[in-house]
Amino acid sequence: MASESAPETASAELPGTAHGPAPSPAHHTHHTPHGRAAALRREQAVLAAVETGITGPEAPLVGLLDIAGIRSSAAALHAAFAAVTPAGTPVLHAFAVKAAPLVPVLRLLGEEGIGAEVASPGELALARAAGVRPEHTVLDSPAKTPAELREALALGIAVNADNPQELARIDALVASTPTGSPLGLRVNPQIGAGSIGALSTATATSKFGVALRDEGAREWVVRAYLDRPWLKRLHTHSGSQGVPLALMAEGVRTVHELAEEINATAGRQQIDTIDIGGGLPVNFSSDDETPGYADYARLLKETAPGLFDGRYGLITEFGRSLLAKHGTILARVEYTKSAGGRPIAVTHAGVQVATRTVYAPASWPLRVAAHDAKGRPKSGPAVAQDVAGPACFAGDLLAVNRELPMLEPGDYAVVLDTGAYYFAHHYAYNSLGRPAVYGFAAGEDGVRFVVVREAQTVAEIVAEAGGAHRDALLPE
């Protein structure tokens, strides 16, 4: 794994599995064997993080990533699609970089045979820094600039055009400079929304892709391919958190049918690869990784069997499902108080790391576990309490009226399932800094930590805020 600076090892005995007499959302009573193993690794890492001083009074907020868990998810993804595709079928699994834009993570996934789906110059730069090869990189974005397109085409990176105007821009670039980039078009099957409207990408009015059911749109898409023999891919992304698997599969079926229509009209197999996007939802209520990639792959084969007969290459773009279950945030409790009869634990994790949870708690609830000042799971009666963040507004709450063993100053609120997006969506409210992120490997001989990202310093915050230009607005 890249960036293995400042490794630390701690010997830490596995804490007992008894988390107190009353199960909470973080301490449910049933685990799959895989989920149980991941939970034990996590508890071992939390204990070791406190013992080694990775977290403490001077570092009250840190993130942890389970290296073994990430590898396991990558292996499960490969196995799921290998089971439903004929031998020799070209399959590229490209990780959605937006879910965890961390170079060491991309490097680790690359070593596990996972490429990168990028949607900005910054994400492309991260993928390149991680050593992701151009042929394992896919560029998707609804707002690609001419410079972005030129760079991608020069590198040979796959590009999915989002709309007719972008396709016309690519026409001009391809005419002036031949490219080896595989090129495709994103379409919106307009199949409907899931339970989180803001994340539903295949609605009637979604901003993504060519709206396939709009008047004249399907005919335009077919003609666009017939006029461009070099346009050989078709892309859709119908899923995300809150979208049921059946709806996701319906989007893929719709796009497969379109590919068949285009190829039949062309009289040859012009479209040779279908990019089905990602969007497998994550279970945020327990340690179990459900639904699994195998569940989705089997459903896809049942729904669109022709997609898996060996005639089409496949690309996937999963993000959240690869990382979410393997990340943990440790937030030290600074103070406790009571208001209106309800206990409140004031911690160092809030809107700056859990923006979606704070602003849309019904859609993005998180499990929180109570650990003591030594990093051990707390026991004792469950007490309804709020777990608050440090930002200066009343709604900065990770959990409201949550039943947990009573948190006290110096304890830790351990926030689970935060491997995807929670280390990506830093929100600089109150100029709160980005926390350090460590990868860990837990075994019988203890826990080894590696630096994935260093904590943002106060000096870096000042620099980002224009510190070098402090007199810029004053009269000359």
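The values are calculated or read from the model by the stated rules, or taken from the named source; none is laboratory data. The structure presented is a predicted model; accordingly, all values stated were derived computationally and were not measured. Quick reminder, even Gly has a Cβ in these numbers, built from the backbone with ideal geometry, and neighbours come from all protein chains shown.
For residue 286, are the conditions met, namely being of a type in the set (S, T, N, Q) and part of a loop (DSSP other than H, G, I, E, B)?
Yes, satisfied.
Among the candidates 358, 333, single out the residue that is within 14 Å of residue 404 (Cα to Cα) and either modelled with pLDDT of 95 or more or not in a helix (DSSP H, G or I) (or both). Break it down into steps so the answer makes sense when it comes.
Numbers: 358 fails: within 14 Å of residue 404 (Cα to Cα).
That would be 333, the only listed residue that is within 14 Å of residue 404 (Cα to Cα) and either modelled with pLDDT of 95 or more or not in a helix (DSSP H, G or I) (or both).
Output the number of the condition that residue 275 fails; it satisfies all remaining conditions of (1) in contact (Cβ under 8 Å) with a residue 40 or more places away in the chain; (2) charged (D, E, K, R); (3) farther than 22 Å from residue 112 by Cα.
So residue 275 meets the others, but not (3).
Identify all residues within the range 29-78 that are buried (at least 16 other Cβ atoms within 10 Å of the Cβ), more than 24 Å from the chain's Cα centre (by Cα) and at pLDDT below 95; write none if there are none.
none
Is it true that residue 303 is more than 24 Å from the chain's Cα centre (by Cα), modelled with pLDDT of 95 or more and not aliphatic (A, V, I, L, M)?
Yes.
If you take the residues of the range 130-146 that are within 21 Å of the chain's Cα centre (by Cα) and among the polar types (S, T, N, Q), which of them is modelled with the highest pLDDT?
Checking each candidate, the answer is 137.
Checking the structure you have, find out if any residue of the range 162-184 is within 21 Å of the chain's Cα centre (by Cα), in the same structural domain as residue 313 (by TED's automatic domain parsing) and crowded, with 20+ Cβ neighbours inside 10 Å.
The answer is no; no qualifying residue exists.
Given the structure, is residue 377 at pLDDT below 95, of a type outside the set (S, T, N, Q) and touching a helix residue (DSSP H, G or I) at 6+ places or on another chain (Cβ under 8 Å)?
The answer is no for residue 377.
Return the only residue of 234, 167, 149, 185 being touching an Asp or Glu at 6+ places or on another chain (Cβ under 9 Å), modelled with pLDDT of 95 or more and either in a helix (DSSP H, G or I) or over 19 Å from residue 315 (Cα atoms) (or both). Steps first, answer last, please.
Working: 234 fails: either in a helix (DSSP H, G or I) or over 19 Å from residue 315 (Cα atoms) (or both); 167 fails: touching an Asp or Glu at 6+ places or on another chain (Cβ under 9 Å); 185 fails: either in a helix (DSSP H, G or I) or over 19 Å from residue 315 (Cα atoms) (or both).
After ruling out the rest, the residue left standing is 149.
Name the residues in the range 218-251 that are buried (at least 24 other Cβ atoms within 10 Å of the Cβ) and among the hydrophobic types (A, V, I, L, M, F, W, C), would you?
Hits for the range 218-251 are 234, 243, 248.
What do you reckon, is residue 301 among the charged types (D, E, K, R), part of a helix (DSSP H, G or I) and surrounded by 22 or more Cβ atoms within 10 Å (Cβ to Cβ)?
No, not satisfied.
Just to be sure, is residue 292 more than 22 Å from residue 112 (Cβ to Cβ) and either at pLDDT below 95 or of a type outside the set (Asp, Glu) (or both)?
Working: more than 22 Å from residue 112 (Cβ to Cβ): no; either at pLDDT below 95 or of a type outside the set (Asp, Glu) (or both): yes.
Taking the combined requirement at face value, the residue does not satisfy it.
So, in the range 399-451, exactly how many residues are under 19 Å from residue 357 (Cα atoms) and either within 19 Å of the chain's Cα centre (by Cα) or not assigned by TED's automatic domain parsing to the domain that holds residue 359 (or both)?
So the count comes out to 15.
How about the range 412-468: which of its residues are acidic (Asp, Glu), in contact with a Gly (Cβ under 8 Å, 6 or more places away or on another chain) and without any contact (Cβ under 8 Å) to a residue 60 or more places away in the chain?
Passing the criteria: only 460.
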